[in-house]
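The values are calculated or read from the model by the stated rules, or taken from the named source; none is laboratory data. Quick caveat: nothing in here was measured; it's all calculated off a predicted structure. Neighbour counts are summed over all protein chains in view; Cβ atoms, including those assigned to glycine, are modelled from backbone coordinates with ideal geometry. SASA here: full protein model, heavy atoms, side chains in, ligands and nucleic acids out. Shrake-Rupley method; radii C 1.70, N 1.55, O 1.52, S 1.80 Å.
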Amino acid sequence: MGYQEVYESWQRDPEAFWMEAAENIDWDEKPSKALFDDNAPLYEWFRDGKVNTCWNAVDRHVEAGHGARAAIIHDSPVTGTKHKISYAQLRSRVARLAGALRAKGVQKGDRVIIYMPMVPEALEAMLACARLGAIHSVVFGGFAAHELAVRIDDAKPKAIIAASCGVEPGRVVHYKPLLDGAIEQAAHKPDFCVIFQREEEVAKLEEGRDHDWHAFQFGVTPAECVPVEGTHPAYILYTSGTTGAPKGVVRPTAGHLVALNWTMKNIYNVDPGDVFWAASDVGWVVGHSYICYAPLINGNTTVVFEGKPVGTPDAGTFWRVISEHNVRSFFTAPTAFRAIKREDPEAKELRKYDISCLRALYLAGERADPDTINWAAEKMGVPVYDHWWQTETGWTIVGNPAGIEALPVKVGSPTVPMPGYDVQILDDAGNELGPNELGAIAIKLPLPPGTLPTLWNAEDRFRKSYLNTFPGYYETGDAGMKDEDGYLWIMARTDDVINVAGHRLSTGGMEEVLAAHPDVAECAVVGVTDELKGQMPVGFLCLTKGVNRPHEDIVKECVTMMRDQIGPVAAFKLAVVVDRLPKTRSGKILRGIMVKIADGSDYKMPATIDDPAILDEIRQALQKIGYAAG
Ligand code: COA
Ligand code: AMP
């Protein structure tokens with residue numbers, strides 16, 4: 001069957017399509033049906049099934065005789081180490097860790113926060129939670145104490161599992177003081193913490209609260225897998241929205257298993273036993289779905305890479321990892337390739353390695369610019385597939401289903417909707433638009449299995465953020481169009497979310513930080529175009545009347561505040577002081593125009609602008625920091 005037939009078979013009978021996909025999962029109790037729509041527009045999948053994620057990701061492969069197969073390859077150029085963990089080893093490590101957590105009182109439904117770098121222990125911690133039916137929430141290591149505290153207060157974890165440190169090129173990231181600071185700031189206190197001590201930095205443990213990862217597992221009874229209901233949350237993953245309060249995306253257990261398992265062959269075109277590599281971080285959705293869960297559920301070997309595309313030690317690292325570990329399909333963010341291309345435009349490093357094992361490169365997380373796609377395709381000699389999805393969906397909305405049929409690539413388009421997704425372009429009034437008409441991208445409800453059923457403890461926000469604007473549809477927050485062949489073109493976000501080096505950030509959240517500076521009366525943060533990172537945040541500061549301190553000092557303090565409050569991942573380095581912000585007569589800040597001025601692109605003067613002269617002031621301020629050329 002080709003793509004069209006598969007997509008139509010889903011359209012004809014979604015229930016049969018997903019029940020058939022569910023056959024590839026081991027159930028403790030089979031679900032009687034796939035979709036439960038009695039609470040529409042909130043939908044549930046496989047509600048009356050019973051299943052365990054860890055069983056499907058680990059134990060079942062050992063039971064099937066594949067215990068000796070490598071489950072995880074840890075390749076860490078930043079620490080100069082490499083090692084493999086087989087499925088059998090992974091099972092005993094995860095069962096022991098789960099047993100130790102259980103002995104300390106962690107059970108089904110309890111939340112556990114995981115704050116760890118790219119080490120196999122991060123995956124083991126996730127799987128140990130899944131084994132018990134505990135709900136994990138992984139927090140990216142590039143977030144600072146305050147962001148961690150916000151997540152602790154929202155998820156209210158019984159336990160936190162952290163590493164003593166992370167290793168960034170040139171510096172050790174001191175996780176433990178960040179963790180201590182976060183617990184101090186948070187109103188909710190976990191019962192206990194488990195600290196994985198790394199050789200690069202051993203952290204001081206707090207008596208009574210902190211336990212050493214190894215010592216705490218001594219002598220425990222390994223835990224068996226606990227079957228959970230199909231709708232039981234597998235995890236909560238916080239992502240940026242319009243405000244500083246992150247949204248806790250809930251991932252339902254059974255839909256997650258069924259959908260991810262389906263993607264491995266049909267989208268990523270790998271068979272059990274093949275090596276699959278997603279160069280991202282466990283703190284992001286790509287890391288959840290494609291470093292941890294999907295490859296393991298499908299019986300692949302997953303590469304856990306602790307390094308960067310350049311500088312660890314050079315722009316040949318990706319080629320080395322692909323060649324050395326026999327990677328079949330490779331997934332990363334376009335930024336990573338822009339970094340390699342900038343450092344080694346001729347791809348001279350590639351000549352040192354044989355990457356003929358590789359079948360395709362998959363890009364996602366941000367817009368893939370044609371230059372980058374063409375460069376990668378030409379240098380690597382494999383197809384490059386862009387695909388579009390979000391933390392909320394957990395897997396591809398629009399992609400190229402290479403395992404079903406590799407569709408012709410149109411550079412700049414992530415290709416076509418996957419089965420499960422009826423993607424429509426809507427105008428402001430919610431009418432479906434025709435080919436090549438630009439509008440809001442929405443997905444007709446229900447969303448497929450594995451996608452978010454709600455936000456953690458925030459159903460109203462879920463409805464408001466995604467369901468209310470276009471009744472009957474899920475609002476993606478992206479704008480774009482469909483062409484006459486049904487290919488999607490993703491143009492821009494419709495909200496205040498920006499994408500910096502493939503990392504999703506909220507300008508609203510950054511504005512909240514700046515507004516807290518005592519000298520800042522009003523502010524705006526916009527994402528301007530950046531050659532390497534796609535977008536970079538730039539802050540505009542209007543100072544409180546009477547403040548006459550040097551502007552450079554205030555800007556420096558704002559940069560420091562952002563690093564301390566949100567974290568280095570915000571990459572907030574640029575801010576300018578201006579007298580006023582451009583606004584509409586009703587007081588709405590014209591952020592879109594500010595981006596266009598910064599990028600040097602054309603814009604139409606909005607009829608509603610309060611005072612057009614402000615735009616010149618904005619241009620001049622931006623020119624001082626190297627933007628708004630031309
Ligand atoms: N823990 C602590 N700090 C982290 C971190 C982590 N896990 N990840 C990034 N940071 C820090 C970086 O060290 C950097 O700090 P600095 O300001 O002191 O230099 C800062 O956060 C910004 O990081 P980043 O935006 O990633 O920039 P970079 O210059 O370090 O690296 C790239 C640029 C392109 C090499 C890098 O962004 C990259 O590899 N991107 C791939 C994208 C990706 O994996 N996206 C995930 C979604 S698919
Ligand atoms: P995240 O939730 O971090 O995965 O970010 C999701 C957002 O990143 C999407 O809503 C898009 O704005 C953007 N994005 C992800 N993949 C792509 C892509 N292939 N092309 C364009 N934008 C993308």
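List the residue pairs whose Cβ atoms are under 7 Å apart, where the first residue sits in segment 39-53 and is open to solvent by 50 Å² or more (accessible area, probe 1.4 Å), the second is β-branched (Val, Ile, Thr) and part of a strand (DSSP E or B), and the two are 6 or more positions apart or on different chains.
The qualifying pairs are 50/228.
Report the residue count in segment 306-353 for those that are open to solvent by 10 Å² or more (accessible area, probe 1.4 Å), within 24 Å of residue 369 (Cα to Cα) and part of a loop (DSSP other than H, G, I, E, B).
Residues flagged as open to solvent by 10 Å² or more (accessible area, probe 1.4 Å), within 24 Å of residue 369 (Cα to Cα) and part of a loop (DSSP other than H, G, I, E, B) within segment 306-353 amount to 10.
It is to be established whether one or more residues within segment 151-159 are within 11 Å of ligand 1 (Cβ to nearest atom), modelled with pLDDT of 95 or more and either open to solvent by 10 Å² or more (accessible area, probe 1.4 Å) or more than 29 Å from residue 232 (Cα to Cα) (or both).
No: zero hits.
Collect the residues in segment 247-298 that are within 30 Å of residue 510 (Cβ to Cβ) and away from ligand 1 (no atom under 16 Å from the Cβ), keeping them in residue-number order.
Scanning segment 247-298 gives 247, 248, 250, 251.
Can you tell me which condition residue 71 does not meet? The list is (1) of a type in the set (Gly, Ala, Ser); (2) within 30 Å of residue 417 (Cα to Cα); (3) buried (at least 19 other Cβ atoms within 10 Å of the Cβ), and all the others hold.
Among (1) of a type in the set (Gly, Ala, Ser); (2) within 30 Å of residue 417 (Cα to Cα); (3) buried (at least 19 other Cβ atoms within 10 Å of the Cβ), residue 71 violates only (2).
Might you check whether a residue that is under 18 Å from the mean Cα position of the chain (by Cα), among the small types (Gly, Ala, Ser) and open to solvent by 10 Å² or more (accessible area, probe 1.4 Å) occurs anywhere in segment 245-258?
Within segment 245-258, one or more residues are under 18 Å from the mean Cα position of the chain (by Cα), among the small types (Gly, Ala, Ser) and open to solvent by 10 Å² or more (accessible area, probe 1.4 Å).
Scan segment 22-55 residue by residue and report those that are closer than 30 Å to residue 468 by Cβ and polar (S, T, N, Q).
Matches in segment 22-55: 39 only.
For residue 96, all conditions in the list (1) part of a loop (DSSP other than H, G, I, E, B); (2) under 24 Å from residue 304 (Cβ atoms); (3) of a type in the set (Lys, Arg) hold save one; what is the number of the exception?
(1)
Just to check your reading of the model, which residue among 413, 356 is buried (at least 17 other Cβ atoms within 10 Å of the Cβ), more than 18 Å from the chain's Cα centre (by Cα), part of a loop (DSSP other than H, G, I, E, B) and at pLDDT 95 or above?
413
I need the full set of residues from segment 197-245 which are more than 30 Å from residue 591 (Cα to Cα) and β-branched (Val, Ile, Thr), in order please.
202, 220, 221, 226, 228, 231, 236
Could you list, in sequence order, the residues of segment 463-495 that are within 15 Å of ligand 2 (Cβ to nearest atom) and of a type in the set (A, V, I, L, M, F, W, C)?
Matches in segment 463-495: 479, 481, 488, 489, 490, 491, 492.
Could you grab me the full set of residues in segment 186-203 that are more than 15 Å from residue 166 (Cα to Cα), assigned to a loop (DSSP other than H, G, I, E, B) and in contact with a helix residue (DSSP H, G or I) (Cβ under 9 Å, 6 or more places away or on another chain)?
186, 187, 188, 189, 190
Looking at segment 282-289, can you tell me whether even one residue there is assigned to a loop (DSSP other than H, G, I, E, B) and open to solvent by 20 Å² or more (accessible area, probe 1.4 Å)?
yes
Residue under question is residue 181, and the condition is that it be open to solvent by 10 Å² or more (accessible area, probe 1.4 Å), over 24 Å from the mean Cα position of the chain (by Cα) and away from ligand 1 (no atom under 14 Å from the Cβ); does it hold?
Criteria met by residue 181.
Would you be able to tell me the number of residues in segment 417-438 that are open to solvent by 10 Å² or more (accessible area, probe 1.4 Å) and part of a strand (DSSP E or B)?
3
Residues are listed down the side, and each one gets a yes or a no for (1) away from ligand 2 (no atom under 16 Å from the Cβ); (2) modelled with pLDDT of 95 or more:
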| position | (1), (2) |
| --- | --- |
| 534 | no, yes |
| 539 | yes, yes |
| 542 | yes, yes |
| 549 | yes, yes |
| 576 | yes, yes |
| 585 | yes, no |
| 605 | yes, no |
| 608 | yes, no |
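Looking at this structure, is residue 76 out of contact with any helix residue (DSSP H, G or I) (no Cβ under 6 Å at 6 or more places or on another chain) and open to solvent by 10 Å² or more (accessible area, probe 1.4 Å)?
Criteria not met by residue 76.
When residues of segment 571-593 are filtered for being within 24 Å of residue 550 (Cα to Cα) and either within 33 Å of the chain's Cα centre (by Cα) or within 16 Å of ligand 1 (Cβ to nearest atom) (or both), how many remain?
The number of residues fulfilling the criteria is 9.
How many of the residues making up segment 331-384 are within 15 Å of ligand 1 (Cβ to nearest atom), touching a Ser or Thr at 6+ places or on another chain (Cβ under 8 Å) and free of Cβ contacts under 8 Å to residues at least 40 places away in the same chain?
Matching residues across segment 331-384 total 4.
Which ones in segment 261-299 are more than 16 Å from ligand 2 (Cβ to nearest atom) and in contact with a Phe, Trp or Tyr (Cβ under 6 Å, 6 or more places away or on another chain)?
Listed by number, the residues that qualify are 270, 277, 295.
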